Amino acid sequence: GTRNALAVDTETTTYKRWTDPDYRIRLVQFADADAAWCLDPHRHLGAIADVLAGTRTLAFANAPFDIGVLDAAGAATAASLWPKAHDVLVMAHLLDSRGRRLGGCPIDLKSLAYFVVEGVHIKKLLYTKGGIGTEKKELRARAKQHGYKRAGDEFRVLPIDDDAYLRYSGADAV
């Protein structure tokens, strides 16, 4: 069926899509107000394509990157996604372009959610023990067991079904 809106995010092995020979897509995440879904595009590309086609509004955090990833993976064409796309990073910059160091709006997704919503639930979700803000540390600890060497490698080396990886990735879409 048709959905009004979903948040969309992708996880890749690196942000260096054009220059890193090891670049590949790992996950596609969708979220609504109640839940998040993490799908392996190598196993569920048809389902991902159906969700993208059947949703009126798609919210991204860095739409140029994610739309390019989805297009390259064959999930949808960039031309079909752009008319539906809303980029929260652009919206954040329009809200306040000063940058975080000058007291403005942060652009990292989790801090941005807290800055804009300022809700107790968001604050608890992000900054308490066991909250999403601590997930990155857990990701890096787990990634060390799989050959992690530098920041960003956790997305390259962790197994796609790792619980911490899925929680962190799903939370990005929420």
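Coordinate-derived values only; no laboratory data. Predicted, not measured: the structure shown is a model, and the values here were computed from it. Every residue, glycine among them, receives a Cβ derived from its backbone with ideal geometry; neighbour counts consider all protein chains shown.
Summary table below
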quantity: Residue 39-residue 15 pseudo-label distance in nm [points 7 Å out on the Cα-to-Cβ vector]; calculated: 2.6 nm
quantity: Net length gained if the chain between residue 80 and residue 98 were fully extended (0.36 nm per residue, minus Cα distance); calculated: 3.2 nm
quantity: Under 5 Å, built H, 5+ apart or other chain: amide partners of residue 55; calculated: 3
quantity: Distant-in-sequence amide H partners of residue 36 (H built 1.01 Å from N, under 5 Å); calculated: none
